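Contents: one structure, followed by commentary.
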Amino acid sequence: GAGVSQSPRYKVAKRGQDVALRCDPISGHVSLFWYQQALGQGPEFLTYFQNEAQLDKSGLPSDRFFAERPEGSVSTLKIQRTQQEDSAVYLCASSLGRRTDTQYFGPGTRLTVL
Amino acid sequence: AQKVTQAQTEISVVEKEDVTLDCVYETRDTTYYLFWYKQPPSGELVFLIRRNSFDEQNEISGRYSWNFQKSTSSFNFTITASQVVDSAVYFCALSGGAGNMLTFGGGTRLMVKP
């Protein structure tokens, strides 16, 4: 079956612009995660959904970052008033939903803020 | 707090050599899960293996093998007879506690030369 898909794959934004990044999880996957990966580093957790409920947003770096998953499927990560330090790859992952389940990752969106 | 350390930032080997990637973790949880992911140049994180904290049996899958030692908090990954296609960044990750998020190490870049 289809894996996790993300769009766009690449995004260039001018400082101060708002951006929206989309994630389509694997069909039937209840849990959805967002991670941020800076150049040369490991991914870092941003936020987590179980169906449409956002259960953990402790990793969001500032109130400019906002995520939603209104129907429990597709998720959008929005960054308002982008800053240069927001430049990174944003990875989305999904899993079946139990704590033991493996997370499967999408290809990521590479955001560059000029 | 959880922590994963991959001390080797970059390893270079010649094809057909064996190579071991080290991973050391810290956690206060008694139940946790350890993972290895591969990130090729395309950027997508590819799941390789998951182990739970109660299963210390080593595992072999083709040219890949994993050595989990709870006594030293290590979960090392060995590639036997490396191939050029193994060139990638490899991440070790840990999950546990109340949330399902993964804590990643900084990654090890493996370069296999022909």
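The values are calculated or read from the model by the stated rules, or taken from the named source; none is laboratory data. Because the structure is predicted, anything quoted here is derived from the model rather than measured. Methodologically, a virtual Cβ is constructed for each residue, glycine included, from the backbone with ideal geometry; neighbour enumeration extends over all protein chains shown. Ligands, DNA and RNA are stripped out before the accessible areas are found, and what is left, the full protein with its side chains, is counted by its heavy atoms. Shrake-Rupley method; radii C 1.70, N 1.55, O 1.52, S 1.80 Å.
Could you give the length gained on full extension between residue A:2 and residue A:84, defined as 0.36 nm per residue of separation minus the Cα-Cα distance, in nm?
26.2 nm
Treating only the Cβ atoms of Lys and Arg (+1) and Asp and Glu (-1) as charged, compute the dipole magnitude of chain B about its Cα centre; round to the nearest 20 debye.
120
Let me check the size of the protein assembly as shown from its C-alpha atoms; what are the radius of gyration and Dmax in Å?
When restricted to the Cα atoms of the protein assembly as shown, Rg and Dmax are 17.7, 51 Å.
Please sort by residue number the trypsin sites (Lys or Arg not before Pro) in segment B:1-97 whose DSSP state is loop and whose Cβ has at most 12 other Cβ atoms within 10 Å.
B:16, B:28
Find the percent of Cα-Cα distances in segment A:75-114 that exceed 12 Å, and round it to a whole number.
Beyond 12 Å sits 67 percent of the P(r) for segment A:75-114.
Have a look at B:13, B:89, B:58 and report the one farthest towards the positive end of the charge dipole of the protein assembly as shown, computed about the Cα centre with Cβ charges (Lys/Arg +1, Asp/Glu -1).
So the residue furthest toward the plus end is B:89.
Can you give the three extents of the C-alpha atoms in segment B:40-82 along their principal axes, from longest to shortest, in whole Å?
Principal extents (largest minus smallest coordinate, Cα): 35, 22, 16 Å.
Take every Cα pair under 8 Å in chain A that's 6+ residues apart, average their separations, divide by the length, and report that relative contact order as a whole percent.
Contact order relative to length: 37 percent.
In whole Å and largest first, what semi-axes does the C-alpha gyration tensor of chain B yield when each eigenvalue is scaled by 5 and square-rooted?
Three semi-axes, in Å: 24, 15, 12.
How are the Cα pair distances of segment A:5-52 distributed, in percent, across 5 Å bins from 0?
In whole percents, the pair-distance histogram is 5, 15, 20, 26, 21, 9, 4, 0.
Gaussian network model of chain A, Cα springs within a sub-10 Å range: biggest mean-square fluctuation belongs to which of A:76, A:102, A:47?
A:102
If the cut-off is 16 Å between C-alpha atoms, which lysines fall inside it for residue B:113, apart from same-chain ones fewer than 8 positions away?
B:16
What are the extents of the Cα atoms of chain A along their three principal axes, in Å, largest first?
38, 25, 24
Scaled to the compact-protein estimate 2.2 N^0.38 Å, what is the alpha-carbon radius of gyration of segment B:49-114, rounded to two decimal places?
1.25
Nearest 100 Å² is fine: how much accessible area is buried between B and A, summed over both sides, with a 1.4 Å probe?
1700
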